[in-house]
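What follows is one structure encoded as structure tokens, with my remarks underneath.
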Amino acid sequence: MPPNDKYLQMGIRIGLGVLGVLIVFALWALIARYSNWAHTSSHFPTPYETLMRMKMLFISRQELNNTSIYDHVLTSLRNWGIGYLIAVIIGIGAGALMGASEKINQVFMPTVQIVQLIPGLAWIPIALLLFGLNERSTVFMIAITAVAPIAINTAGGMKSVPDIYRRTAKVMGCTVFDRFIYVTVPASTLPILNGLRIGLANGWRVLIAAEMVLGLNKGLGYSIIQARWSLDYEAAFVCIVVICVIGLFFEKVLFANLERFMAKRMGMTEGI
Amino acid sequence: MDMKVKKVDKGFPDPKTGEFIQVLEDVNLKIEKGKFYCLMGPSGCGKSTLLHIMAGILRQDKGKVMMGGKTIKGPSPKLGVIFQEPSIFPWMTVKQNVEFGLKVAGFPRNARSERAQQYLNLVALKGFDDHRPHEISGGMKQKVAIARALAMDPQIMLMDEPFCSLDEQTRRKLDASLVEIHHRSNKTTVFVTHNIEEALLLADEIIMLSMRPATVKNVIKVALNHPRDPYDKLFLMMKKNIASEIDRCCFECATPDFPCSCQEVNLEGQ
Ligand SMILES: Nc1ncnc2c1ncn2[C@@H]1O[C@H](COP(=O)(O)OP(=O)(O)OP(=O)(O)O)[C@@H](O)[C@H]1O
Ligand SMILES: [Mg+2]
């Protein structure tokens with residue numbers, strides 16, 4: 001494809017995406033208007049009001065539930081980061097072991113798959129029993145929901161490394177360690193990244209939910225649920241928008257590019 | 001270095017039925033130093049299996065394989081192996097691929113870079129160092145695999161149909177450069193092929209395997225001088241003889257419950 005065409009296509013794609021967002025905003029405005037006309041109990045925030053509230057929270061730094069919005073965002077991000085980091089370490093470690101040994105795989109894979117089936121919020125009682133009503137419970141829930149897809153994809157990726165690469169490594173004089181570092185890891189990069197992306201998204205979703213339920217005075221999820229009492233629905237909407245933006249950033253910008261880059265580096269893009 | 005295959009048996013359980021299938025039965029080979037051998041036989045008879053055993057990455061059920069008087073127990077840097085499937089690592093550049101064995105063996109950076117360059121030149125891939133495997137053609141990939149094996153300076157090269165997926169023209173060119181390389185390095189080589197012409201172009205001796213369970217059926221000496229002309233009278237005659245022998249073998253050993261794959265070893269190559 002000539003370069004002009006490529007940019008044109010990209011432009012069209014972005015344009016269509018923006019159009020979709022605009023349609024959502026238009027619908028939102030309509031629904032808000034209808035809702036506010038039909039019943040008067042509480043005000044349904046319009047896009048414009050949400051934007052104004054966002055400005056107040058972010059630029060005028062008005063406090064929300066006694067804390068700045070930045071603090072809420074940072075708290076959520078921090079819990080997410082810690083929980084995710086734990087999940088990555090355990091997930092990749094366990095996945096690598098399961099990928100390396102069929103016996104270990106048979107022992108642990110059913111458990112990991114069961115863990116993956118448990119909805120994130122079902123872990124709340126266990127989190128509370130283990131860690132009590134504090135942020136460690138949130139971190140635990142993030143870690144436990146993120147760890148399974150990471151482990152499963154790592155194990156699957158390592159097991160699906162074509163045998164020809166293993167044999168080649170052997171005849172080239174690789175030790176087991178060399179083979180792991182130079183062959184198994186690069187050959188399974190893409191499935192591992194895929195697991196990491198799924199884990200990250202799982203963690204993010206359960207983080208918001210956990211903050212809502214645990215109610216620890218800080219965090220985006222907490223702020224959303226607080227709107228019930230403070231009737232500050234605009235702020236709740238702001239938080240939802242922030243959650244979407246952060247989620248989108250990690251999934252579509254960070255991971256999408258990382259995966260594309262790695263696919264190229266690992267030579268997994270199809271040649272001619 | 002020379003190699004001996006003594007009374008090697010190998011079988012596999014059928015992946016579906018679990019029934020044991022004898023693939024190699026009493027295979028005996030004498031590979032002499034510096035010679036070029038071609039290994040021929042019907043598809044599925046066990047050529048790759050035999051080569052894997054010789055390379056030390058598959059255990060035979062019975063018998064033994066000796067190299068320079070020692071029994072082979074596992075893969076060795078003295079054996080350079082080119083597999084039937086494409087095997088260069090897609091996550092490395094051409095040069096990194098060629099350097100890989102040297103890197104694992106602990107060569108310092110400069111030395112291995114120099115040596116890799118030398119072998120890339122040898123297979124006429126100068127200037128492609130930084131290309132990635134998906135950016136080069138199938139024939140070039142095989143050349144990278146050859147350079148990678150040669151760079152480790154093995155005593156014996158084991159090559160499993162390295163050019164079988166290439167077009168006739170490229171194949172001939174690579175065959176010619178292989179003859180050249182063999183002439184220069186004088187490395188003992190065992191080369192599996194389906195192609196009679198290719199075998200006649202390359203080999204000092206052609207080892208013919210029977211159908212499964214495979215044994216050595218015949219060893220044909222090719223006493224033609226290099227460079228060989230595939231249109232030379234003697235060459236064409238040998239080609240015809242081998243082809244008719246394959247046909248006869250096929251006719252004799254075809255049984256109803258064992259579908260014959262000899263037709264794949266056709267007269268003109270693929
Ligand atoms: N790991 C394995 N498990 C079970 N059966 C196997 C295995 N490897 C090879 N076989 C069987 O052994 C036989 C010989 O296989 P091999 O690959 O050595 O044949 P080949 O002569 O190299 O064939 P081709 O010319 O098509 O490459 C085949 O019937 C194959 O199905
Ligand atoms: Mg084969």
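Those residues that are within 8 Å of ligand 1 (Cβ to nearest atom), closer than 17 Å to residue B:218 by Cβ and open to solvent by 20 Å² or more (accessible area, probe 1.4 Å), I need them from segment B:6-48; list them, please.
Correct list: empty.
Counting only residues that are within 16 Å of ligand 1 (Cβ to nearest atom), crowded, with 22+ Cβ neighbours inside 10 Å and over 21 Å from residue B:243 (Cβ atoms), how many does segment B:169-222 have?
Selection size over segment B:169-222: 1.
For segment B:73-83: of the residues being within 21 Å of residue B:151 (Cα to Cα) and not in a strand (DSSP E or B), which is farthest from the other protein chains (Cβ to nearest Cβ)? Step through it out loud before you land on a result.
Just the residues of segment B:73-83 that are within 21 Å of residue B:151 (Cα to Cα), to begin with: B:74-83.
When the remaining residues are screened for being not in a strand (DSSP E or B), the result is B:74-78, B:83.
On the way: B:74: 8, B:75: 5, B:76: 8, B:77: 5, B:78: 10, B:83: 6 Å.
Among residues in segment B:73-83 that are within 21 Å of residue B:151 (Cα to Cα) and not in a strand (DSSP E or B), the one farthest from the other protein chains (Cβ to nearest Cβ) is B:78.
Pick from segment B:129-150 the residues that are surrounded by fewer than 21 Cβ atoms within 10 Å (Cβ to Cβ) and either away from every other protein chain (no Cβ under 12 Å) or in contact (Cβ under 8 Å) with a residue 60 or more places away in the chain (or both): which of them is farthest from residue B:95 (Cα to Cα)?
B:139
Any residue at all in segment B:36-56 that's more than 9 Å from every other protein chain (Cβ to nearest Cβ), in contact (Cβ under 8 Å) with a residue 40 or more places away in the chain, touching an Asp or Glu at 6+ places or on another chain (Cβ under 6 Å) and more than 16 Å from ligand 2 (Cβ to nearest atom)?
yes
Can you go through B:70, B:103 and tell me which one is of a type in the set (Lys, Arg), facing chain A (nearest Cβ under 10 Å) and surrounded by fewer than 22 Cβ atoms within 10 Å (Cβ to Cβ)?
Checking each option against the conditions leaves just B:103.
Taking the options B:86, B:90, name whichever one is touching a Gly at 6+ places or on another chain (Cβ under 8 Å), surrounded by 18 or more Cβ atoms within 10 Å (Cβ to Cβ), within 12 Å of chain A (Cβ to nearest Cβ) and farther than 20 Å from residue B:29 by Cα. It would help to see each step written out before you state the result.
Details: B:86 fails: surrounded by 18 or more Cβ atoms within 10 Å (Cβ to Cβ).
The unique qualifying residue is B:90.
Please list, ordered by first then second residue, the pairs with beta carbon atoms under 6 Å, 6 or more apart or interchain, first in segment B:170-191 and assigned to a helix (DSSP H, G or I), second open to solvent by 60 Å² or more (accessible area, probe 1.4 Å).
Within 6 Å, the pairs are B:179/B:226.
If residue B:51 meets every condition in (1) within 16 Å of ligand 1 (Cβ to nearest atom); (2) closer than 16 Å to residue B:2 by Cα; (3) assigned to a strand (DSSP E or B) apart from one, which number is that one?
Going through (1) within 16 Å of ligand 1 (Cβ to nearest atom); (2) closer than 16 Å to residue B:2 by Cα; (3) assigned to a strand (DSSP E or B) one by one, residue B:51 breaks only (3).
Within segment B:151-192, how many residues are more than 16 Å from ligand 2 (Cβ to nearest atom) and at positive phi?
Matching residues across segment B:151-192 total 2.
The values are calculated or read from the model by the stated rules, or taken from the named source; none is laboratory data. Note that this is a predicted model, so its numbers are computed, not measured. Heads up, the Cβs are rebuilt from the backbone with ideal geometry, glycines too, and the neighbour counts pull from every protein chain shown. Side chains included, ligands, DNA and RNA excluded: accessible areas come from the protein's heavy atoms. Shrake-Rupley method; radii C 1.70, N 1.55, O 1.52, S 1.80 Å.
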